[in-house]
């Protein structure tokens, strides 16, 4: 590692190994090649792509359609990614390496949409708006994971917590006819399950992944059992009021951005609220430093007088609260009724987003958007009648996660003691 | 690096022996049968008690009876529980009265149908054995294979494909060919996370979860596209496999008991022999128990991870293949009733030993088969089995809870069977 690039900034050392530099550069060039051969060579000159920039059902924050010539746009994107790839191979971007890969990925996606919609029109704003909504459970799931894993407890049970919370939210919301009380109940159910996870993995020190699996099986079973016993026969129990769209005065009338972020579900606002709170609490307060030290080196933290066990319990419970909100989104913010197994693996994708985002809230949000966007593209392409089967599109988030996990983030910022139970009388 | 093969190998051998010797010495020599089975048996008992409470608590007749008086309520509750568990028993093992009558009458058909519930339990047990062995073998080689579900789907898809696309072969060739195709498909699906763990350190848990979702989407696409049954109106359904590819059933149609059950027992023996009677299995277990020491002893830990993961995947693939070739005879999306997560429970309840896995699988097969009858008789949703399994898994994984409930003495040596830590792979 003698000739690796080192940049020191904010007292952190960013080191990019020569192999990684090479791999990143080659993948950026590959993107350029895909744009050239798959899209540019398959586009007739003079084709126009029409992007509708106002999502359906919105009356404020409208915007005129955006019409671009398909071929020149693709060529510009091709040239840009080629330049980035070559620069990466020759000089390297140092700290900005990951950002540049992300940018090239965006180029690829954008050129794909431009090519697909060549000669037709596609509602880009609608796609982006639904991407934001689809990102909510994934991002909140990732936040939930960050909270507990930063304290050294792997939480694979987010899926189960979300599933349980979505059912409890629907039922209690229906009974009380209040979305807010439903959400509160959803949070409480997440809290209870996380308490079980905490007791099993912190007190009884059983393997955290097994404890999470217990909760996942349990939730799937109990929600199925209860919904077949009660919800099938009594539909009034499964008809909760939903959170409606709340426009923020002023900001909502900004074109494109307004409908996406400021004229939307309360869950989207909560997502940003939690982004800020978790970022500040974990990385700028003494409490957060202590919590992270428990995840990095519990023994040292203990020696300094930090109560490791209590800190871990607090972290796991907070994680359960956030997972409960994420679960409430399914029934109270998105669908309006509970269906068996409706979380459909979003909790696991949330975990992937957490790893993708390097155990940081901001990164998790970005990863959540990418996954949400991939979902949104998949469903829109089906409407466009694209030749690519939607199931193949739907695989992409998982494949991206595996590639990222394998090559790009390397070891990442994973808490060093993640997954290790802590006990005072262990001599390890 | 220069190596003196003889000396190093010798040193390695001694070190491996050393590691395994200490492992054996730590385990108490005179382990009575009760010691081994007390925790699982008590866990099952507690699970059934909690299940009984759940049955009584969700029954409307019980509530109505409680309104009359406490004693009537309790009486009705016990009646309900008895009725449900009686149905569970007769559905899983058979009705003793009917069996005796059938044996007395000596009529062959009557005997067969009287024994059918038990034979059907064995049918349900078969895929559990394969899936449980997959997880157990993974654990023994230090790998947490949470991707059994995906490997099972891929294995089933491969077996189905060979089953219907290859024609004109005699049974003796075609059936094993389809069976092996299932194993290869699963092995390939397991090998990828193994390879990623060995080369990049990406943790197999997150990678196998991702591979699960890729497998679901892939089979969905295969079944509605290239492998679709002609005339199925776009339903994701495969063609029916050739007669020559089928694993034979022993009796006429209502009784589905098939040769695959004995295949499963054979494979359990094979895994046992491989793990505990060959030098090769010893290496696998050594690398799993303590990768660092194994590497120091000159073992190729990387290779061991890859082999372990591929073998585990192969067994999971066989679980899917046997189900297709012997029972379903064509592939649909509802192939698995959650074997993936159940198999983790199986491996743990069976203490990662093939014999234990077979016994645990019998238990799960009996439960699931009996629950079908329980659903008919008492209208209790089959999902209650998932709840029971989660509770049993929890108690088996945290024996301390069981011990404190039943006031058992703590054994001198706590056995630790699973060693999985953070996402980054703990092998370095």
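No other residue among A:263, A:207 is closer than 30 Å to residue A:154 by Cα, assigned by TED's automatic domain parsing to the domain that holds residue A:340 and buried (at least 22 other Cβ atoms within 10 Å of the Cβ) apart from A:207. Right, residue A:330: closer than 26 Å to residue B:207 by Cα, over 10 Å from the mean Cα position of the chain (by Cα), in the same structural domain as residue A:270 (by TED's automatic domain parsing) and in a helix (DSSP H, G or I) or not? Spelling it out, residue A:330 is indeed closer than 26 Å to residue B:207 by Cα, over 10 Å from the mean Cα position of the chain (by Cα), in the same structural domain as residue A:270 (by TED's automatic domain parsing) and in a helix (DSSP H, G or I).
For the stretch B:152-164, the condition of being farther than 30 Å from residue B:277 by Cα and free of Cβ contacts under 8 Å to residues at least 60 places away in the same chain holds for none of the residues.
If the requirement is being out of contact with any helix residue (DSSP H, G or I) (no Cβ under 9 Å at 6 or more places or on another chain) and farther than 30 Å from residue B:249 by Cα, which of these qualifies: B:74, B:70?
Numbers: B:74 fails: out of contact with any helix residue (DSSP H, G or I) (no Cβ under 9 Å at 6 or more places or on another chain).
Answer to the selection: B:70.
Among the criteria (1) buried (at least 24 other Cβ atoms within 10 Å of the Cβ); (2) within 14 Å of chain A (Cβ to nearest Cβ); (3) closer than 13 Å to residue B:89 by Cα, the one residue B:370 does not fulfil is (2). Applying the condition of being within 14 Å of chain B (Cβ to nearest Cβ) and either outside any helix (DSSP H, G or I) or in contact with a strand residue (DSSP E or B) (Cβ under 8 Å, 6 or more places away or on another chain) (or both) to the stretch A:340-378 and asking which residue is nearest to residue A:418 (Cα to Cα) yields A:359.
Here the condition is being surrounded by fewer than 15 Cβ atoms within 10 Å (Cβ to Cβ) and within 20 Å of the chain's Cα centre (by Cα); of A:99, A:126, it holds for A:99 alone. Within the stretch B:112-132, identify whether any single residue is in contact (Cβ under 8 Å) with a residue 60 or more places away in the chain and over 30 Å from residue B:323 (Cβ atoms), and answer yes or no. Looking through the stretch B:112-132, none of the residues is in contact (Cβ under 8 Å) with a residue 60 or more places away in the chain and over 30 Å from residue B:323 (Cβ atoms).
Starting from the stretch A:325-340, take each residue that is free of Cβ contacts under 8 Å to residues at least 60 places away in the same chain and list its partners that are part of a loop (DSSP other than H, G, I, E, B) and surrounded by fewer than 24 Cβ atoms within 10 Å (Cβ to Cβ), counting only C-beta distances under 8 angstrom and pairs at least six apart or across chains. If the second residue must be part of a loop (DSSP other than H, G, I, E, B) and surrounded by fewer than 24 Cβ atoms within 10 Å (Cβ to Cβ), the pairs left are A:335/A:342. Checking the stretch A:213-226 against the condition returns no match, with no residue being more than 14 Å from chain B (Cβ to nearest Cβ) and either under 30 Å from residue B:401 (Cβ atoms) or without any contact (Cβ under 8 Å) to a residue 40 or more places away in the chain (or both). For the stretch B:222-241, the condition holds for no residue, the condition being that it is free of Cβ contacts under 8 Å to residues at least 12 places away in the same chain, in a helix (DSSP H, G or I) and surrounded by fewer than 20 Cβ atoms within 10 Å (Cβ to Cβ). Condition (residue is modelled with pLDDT under 95, assigned by TED's automatic domain parsing to the domain that holds residue A:158 and not in a helix (DSSP H, G or I)) applied to the stretch A:309-322: is it met by at least one residue? No, the stretch A:309-322 has no match at all.
Could you grab me the full set of residues in the stretch A:195-204 that are at the interface with chain B (Cβ under 7 Å from one of its Cβ atoms) and either surrounded by 23 or more Cβ atoms within 10 Å (Cβ to Cβ) or in contact (Cβ under 8 Å) with a residue 24 or more places away in the chain (or both)? Within the stretch A:195-204, A:200 is the sole residue that qualifies.
The values are calculated or read from the model by the stated rules, or taken from the named source; none is laboratory data. As the structure is a computational prediction, the values presented were derived from the model and not from experiment. Positions of Cβ are generated from backbone atoms using ideal geometry, with glycine treated the same way; all protein chains shown enter the neighbour counts.
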